[in-house]
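Everything below concerns the one structure shown next.
The values are calculated or read from the model by the stated rules, or taken from the named source; none is laboratory data. All values derive from a computational prediction rather than experimental measurement. Cβ atoms come from the backbone with ideal geometry, glycine included; neighbour counts cover every protein chain shown. When the accessible area is computed, the model is the full protein with side chains, heavy atoms only, and any ligands, DNA or RNA have been set aside. Shrake-Rupley method; radii C 1.70, N 1.55, O 1.52, S 1.80 Å.
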Amino acid sequence: MNNHHTSFLKVDDPVSGRKAISEAANVLRRGGLAVFPTETVYGLGANALDGTACTGIFAAKGRPADNPLIVHIARMQDLKPLVREVPDAAVLLAEHFWPGPLTIIMPKSENIPDAVSAGLDTVAVRMPSHPVARALIHEAGLPVAAPSANRSGSPSPTTAQHCLADLDGRVDIILDGGQCSIGVESTVLTLATPVPRLLRPGAVTHEQLCDVLGNVDIDPAVLHDIDAATTPSSPGMKYKHYAPKARIVLVHGTAEKFYNLLSQQEHGTVALAFEEDRQHVDNLGFGFVPYGSEQNHLEQAERLFAALRELDELEARLVFARAPETSGVGLAVYNRLVRAAAFDEVYL
Ligand code: TXA
Ligand code: MG
């Protein structure tokens, strides 16, 4: 798999950006692999209608074959060919949240290759809002299957440099569109259950989905470690995700209790905490990696994955992390962080 020449092209300048997007669109049409920015995280794209091209995604990422891919579209009329029928609820959701960070799971049509749906009879579809993602899908003239552009098991990439670090030599092209504004992956909602069900929290919140649809269940795997014997509704939930090399302990409780616990740890322990904690952690003499400020869920989401990568760069072995609040976008931040901590939590 390590046999691609990877072009790395910036898209910030309108003229060279257009050329780079054309080149990436050609890569997709030829059955190759193109990495591109979205508003959530970077995606590793292939032609969603070409099973062989999509198999290449799994090889490049080292992704288990039973974990299905999200199909990205640029216009509402591109949804119909992908699904058995367009549910009324999908039309309503699209009116409110597309283009944007919401993925909707629906019964699939026969146009979806098995590689994309990983043997399920459903397909996940999203219409991203990032102008580069939209231009690329539009110019390729294809639906684009794209998981996050990281090696399986590492944190999702929020910069093109993260993608290059994980995928150099494994993909044909990387479009550098700077830092992703949201920073956590899209909200995943299934309409294939009797009551719509949230499978992965994201920037479109459970509260917002309930406002539009009425009742929306939260899958148990969002908040809890599901045991290996249970089949999760979203196959991605059963894999260890976002895991830095360090052991992370997620600490619930006040800042004072956190400092107290930290002060009892060995030298070399690192705190993954809020900007407001910087001074105090410095004074205690421990390493400090911030992930946004305490009251700002959007900032926490934007920072979290880069912060997890920084922990690896610091070669941290033990990390104490301050738990975020779980309301609004905080639920998405908590969901990613508790997985990074492999559900190792303490309540003070
Ligand atoms: O923001 C995002 O969603 C990013 C950008 C690139 O769009 N993509 C992304 O893809 O996060 P990925 O593959 O890393 O995560 C997709 C998640 C996985 O947990 C997968 O198991 C789930 O969606 N999924 C995909 N298709 C599904 C299906 N048919 N049924 C249940 N879960 C599905
Ligand atoms: Mg992923």
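Structure notes:
- Under 5 Å, built H, 5+ apart or other chain: amide partners of residue 153: 242
- Here the Gaussian network model covers the chain, with springs between Cα atoms less than 10 Å apart; of 86, 116, 204, 86 fluctuates the most.
- Protein heavy-atom surface of the chain, 1.4 angstrom probe: 50% of the accessible area is carbon and sulfur, with nucleic acids and ligands not counted.
- Most fluctuating residue given options 47, 26, 283, as computed from a GNM of the chain linking Cα atoms under 10 Å: 283
- Most mobile listed residue (55, 269, 254) in the chain, GNM with C-alpha springs under 10 Å: 254
- A 1.4 Å probe run over the protein chains yields, for the chain, 42 Å² of accessible area per residue, whole-number rounding.
- In the chain the longest region clear of chymotrypsin sites (Phe, Trp or Tyr not before Pro) that are loop-assigned by DSSP and have at most 16 other C-beta atoms within 10 Å covers 1-238.
- Rounded to the nearest 20, the Cβ-based charge dipole of the chain about its Cα centre (Lys and Arg +1, Asp and Glu -1) stands at 840 debye.
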